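**Q** Dropping the structure in here first, questions after.
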Amino acid sequence: MAEEKKNVGGAQRRTWDVKEYEKKAQERLAREEGGIVEGDVDDRPVRDRDEFRRAEDQAAGPAGSARAFLNNRNRALGLEKAAGKTQIIADNGLRQKGGGWYCDVCECLLKDSSNYLDHINGKKHQRKLGFSMRVERSTVGQVSERFKLAKKRKEDEMSVATRPTAIEAYEQRIAAAQEEEERAKRAKKEAKQAQKREKEALEMEGMDPDLMAAMGFGGFGGGAKGK
């Protein structure tokens, strides 16, 4: 209990690593360029995921081949979500090999995520699913659409880059408030000065012209009286 109080008392204000968040944003945009949207991690049942889904019957494929064209994935694999988790494997021989990444399509065990990724992208795995290693050629319309998407993502990236951070926006609001306060002070000062000048002018109109001339205000009708 004492330790918990110590931790609470030693809590510090959270700080944000701007460079780290910029790096993550760049990585996210790079993944989006590849057609994978940030946060759209594939958490469906194994057999429903893109990397384990079999080719549909009568799907288009290369000429002279019974296999379908290779499809691209539209969701992130989310391999990091499996870290620290276990899966029961029925094959005793595979269990004896220790931990790793298991492909239930090919019924094989891979030692790490890198080998697992190479496997599910490889010829053996794809052929088991009914795919060839060839992709369908894109039409002019599809290429044009991809260019439009890439352009939009670039524009969105520029918009995010030029958008002020929360700290910058706060500082801008403070500066604008201070500037408005200074303008109000100047306007108030100018109004007082104008009121003072008007009062002085009214007082001068009621004074004797000779006295005004003697005081140095010679332009207030002193010459007319001499005539």
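**Q** Give me a count of the residues in the range 116-158 that are touching a residue at least 40 places away in the same chain (Cβ under 8 Å) and of a type in the set (Gly, Ala, Ser).
**A** 3
**Q** What is the one condition in (1) outside any helix (DSSP H, G or I); (2) at pLDDT below 80 that VAL105 does not satisfy?
**A** So the condition that VAL105 fails would be (2).
A quick yes/no check of all residues on (1) at pLDDT 70 or above; (2) hydroxyl-bearing (Ser, Thr, Tyr); (3) over 50 Å from the mean Cα position of the chain (by Cα):
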| site | (1), (2), (3) |
| --- | --- |
| ALA191 | yes, no, no |
| ALA194 | yes, no, yes |
| LYS199 | yes, no, yes |
| GLY206 | no, no, yes |
| PRO209 | no, no, yes |
| MET212 | no, no, yes |
| GLY216 | no, no, yes |
| PHE220 | no, no, yes |
| GLY223 | no, no, yes |
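The values are calculated or read from the model by the stated rules, or taken from the named source; none is laboratory data. Note that this is a predicted model, so its numbers are computed, not measured. Here the Cβ is made from the backbone with ideal geometry for all residues, glycine too, and neighbour counts use every protein chain on show.
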